[in-house]
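K.L.:
Here it is: the structure, laid out below.
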Amino acid sequence: MALQRMDNVLIVVEDLEAAKAFFIELGMVLEGQMPIEGPWVDRVIGIENTRAEIATLRTPDGHGRVELDKFHAPAAIRGEAKNAPVNTLGIRRIMFLVDDLDDVLRRLRAHGAELVDEVAQYEDIYRLCYVRGPEGILLGLAEQLR
């Protein structure tokens, strides 16, 4: 059996509404939001008495998804520094291709996003940058120039 696709990336957040608004402003589409709890969730994730709210968002092309989880019980725990640098072990960022980097940056800044350093250009192929959003979520943004 071959791998079929990457289904989604999970991001645990404290402020579900702020994170959801941030990704919607980026251009993702909310697929759904619902509470989850019960024995089946406990068995899948290995934590007893789980109660959470999830929101699933997809990219406009329908191929990429982000799942945002707000844990009510047990409470979420912080496993690393909120604004860990990109060379910290583990998953660091999600990269998105955008059609107008300056416009996306302007819109995301209204939701608290901060440019990590600056927009850089790679040859005449891409303009690239990293931004931090709500709760330290790190995104890579790329605009293809040709």
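K.L.:
Given the criteria surrounded by 10 or more Cβ atoms within 10 Å (Cβ to Cβ), under 20 Å from residue 60 (Cβ atoms) and in contact (Cβ under 8 Å) with a residue 40 or more places away in the chain, does residue 98 qualify?
P.N.:
In short, yes.
K.L.:
Within segment 116-123, does at least one residue satisfy the condition of being within 19 Å of residue 15 (Cα to Cα), part of a strand (DSSP E or B) and either among the aliphatic types (A, V, I, L, M) or in contact with a Gly (Cβ under 6 Å, 6 or more places away or on another chain) (or both)?
P.N.:
no
K.L.:
Write out, first by first residue and then by second, each pair whose Cβ atoms fall under 8 Å of each other, whose residues are 6+ apart or on separate chains, and whose first residue, in segment 126-146, is in contact (Cβ under 8 Å) with a residue 40 or more places away in the chain while the second is among the hydroxyl-bearing types (Ser, Thr, Tyr) and assigned to a strand (DSSP E or B).
P.N.:
Between residues of segment 126-146 that are in contact (Cβ under 8 Å) with a residue 40 or more places away in the chain and residues that are among the hydroxyl-bearing types (Ser, Thr, Tyr) and assigned to a strand (DSSP E or B), the close pairs are 138/130; 139/130; 140/130; 141/130; 142/126; 143/126; 144/126.
K.L.:
Restricted to segment 33-86, and to residues that are outside any loop (DSSP other than H, G, I, E, B) and touching a Pro at 6+ places or on another chain (Cβ under 9 Å), which residue is surrounded by the most Cβ atoms within 10 Å (Cβ to Cβ)?
P.N.:
Restricting to residues being outside any loop (DSSP other than H, G, I, E, B) and touching a Pro at 6+ places or on another chain (Cβ under 9 Å), the top hit is 52.
Each reported figure results from applying straightforward, stated rules to the coordinates on display, with no laboratory input. Since the model is a prediction, treat every value here as computed from it, not as a measurement. Note that each Cβ is placed from the backbone with ideal geometry, even for glycine, and that neighbours are counted across all protein chains shown.
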